[in-house]
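First up is the structure itself, then whatever we jot down about it.
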Amino acid sequence: MFLGPCLTGVHFAFRSGNPLVQISLLPMLCDKYPSLKQVSFTYRDPTNYIENIHGIRAITTKSIGKWQNLESLTIPNISYSALQNISLLPSMKHLSIVRWQPDIIVRSPQQRGFKELKYLQVSGINNANDCISLMELMDSSPVEEIRLIFQVVEDVTCWRKVLAAVSEHCDRDTVKCVHCMDGFSMRRDNVSFPIPRKNMLNYEAVKPLLIFHNLQTLYFEVFRGFHVSEPEATMEMAANWTKIKTLMFKLPVWRRSQRPSSITLLDLLPFAKYCPDLKKLAIFLDAMNPPDIDDKENQGTVYLRRHLLSSMSVILQLEPQFKSQRSSQAVLLPYSK
């Protein structure tokens, strides 16, 4: 009734029913409304979708590339062939893929696209190679915001490979937001402690992102925690991300790392010095050996007076005998005058 020739956007939110029948709307939409710019398919019940996955992928692969004016697409679990077609759409700016678990990946090194992509969100990723296969379709794409949500991250090499691919295939001048999570951050099952330090997110994995000098938001919420052993880490991050506004290395609210952090209060001074726009900071801090503030001549208070920090979430690693509110204040207050 309301589907006229001026239609530019459609959103289908299916709560029940046969998804194969529902997705069969795509060919009709492609034929009758070739000028659509925004298309969104979402499913509340993934079970029926998974049972019909092969038929659904066949339909989307044939249909999606016909929308030459498409700018925004939200769609679950498409095939790699469909993704290749999407990457060549000249106006694609906003892409969100739910449960990205491609079938057969046939890489074509000469085929690069996503020339106008600004926003990329991929969730339900199972492994690094699936994510990298998507990144390889980009050709210095002018992405501003990237959101990657993994089902499971086996170890830190996964993040190292993925973030290296992000830095290689995205325009270093345009990226402003990188948001990364793993599935373990959202549930408590299959938990084993202690977590080996080699499996924790580390500075070496994050280092490829230093090329994004216009970065304003970096958000990590990973089950295994974040470990830094390099003394130059916070200095390099602060010096390269001078426009950073939000810097979050978070643990799930239901767990705390059983490994001591190597980041001390003095290691935060570079952020106070080089990042005047920093508003939100979340980090795991070593407070077992509070630094001698006289050694730095209260440099921290000088820098803190001129930046915009309004939210600071710090998890303190304290010796058992000092785990009290007063001890925590003794560590933090000298730099917050």
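The values are calculated or read from the model by the stated rules, or taken from the named source; none is laboratory data. Everything numeric here is computed off the predicted structure, so don't read it as measured data. Reconstructed Cβ throughout: ideal geometry from the backbone, glycine too, with neighbour counts over all protein chains shown. Heads up: the accessible areas ignore ligands, DNA and RNA and are worked out on the full protein's heavy atoms, side chains in. Shrake-Rupley method; radii C 1.70, N 1.55, O 1.52, S 1.80 Å.
Observations
- Members of the stretch 76-98 that are in a loop (DSSP other than H, G, I, E, B), among the polar types (S, T, N, Q) and over 15 Å from residue 122 (Cβ atoms): 91
- Candidate set from the stretch 52-64 (those that are touching a helix residue (DSSP H, G or I) at 6+ places or on another chain (Cβ under 6 Å) and more than 19 Å from residue 122 (Cα to Cα)); member that is least open to solvent (accessible area, probe 1.4 Å): 63
- Checking each residue in the stretch 129-151 for being outside any strand (DSSP E or B) and open to solvent by 10 Å² or more (accessible area, probe 1.4 Å) picks out 129, 130, 132, 136, 139, 140, 142, 144, 151.
- Residue, nearest to the chain's Cα centre (by Cα), within the stretch 24-37, restricted to residues that are crowded, with 17+ Cβ neighbours inside 10 Å and not in a loop (DSSP other than H, G, I, E, B): 26
- Number of residues in the stretch 152-172 that are of a type in the set (Val, Ile, Thr) and not in a loop (DSSP other than H, G, I, E, B) equals 4.
- Residue ID - modelled with the lowest pLDDT, chosen from residues in the stretch 100-123 that are touching a helix residue (DSSP H, G or I) at 6+ places or on another chain (Cβ under 7 Å) and crowded, with 17+ Cβ neighbours inside 10 Å: 102
- Considering the stretch 208-227, the residues that are of a type in the set (A, V, I, L, M) and out of contact with any Phe, Trp or Tyr (no Cβ under 8 Å at 6 or more places or on another chain) include one that is farthest from residue 179 (Cα to Cα), namely 211.
- Look at the stretch 135-155: where a residue is farther than 14 Å from residue 96 by Cα, no partner that is open to solvent by 40 Å² or more (accessible area, probe 1.4 Å) and of a type in the set (A, V, I, L, M, F, W, C) sits 6+ places away or on another chain with Cβ atoms under 7 Å.
- Checklist (1) open to solvent by 30 Å² or more (accessible area, probe 1.4 Å); (2) modelled with pLDDT of 85 or more applied to residue 191, failing item: (2)
- Number of positions in the stretch 208-235 that are part of a helix (DSSP H, G or I) and at pLDDT 95 or above: 4
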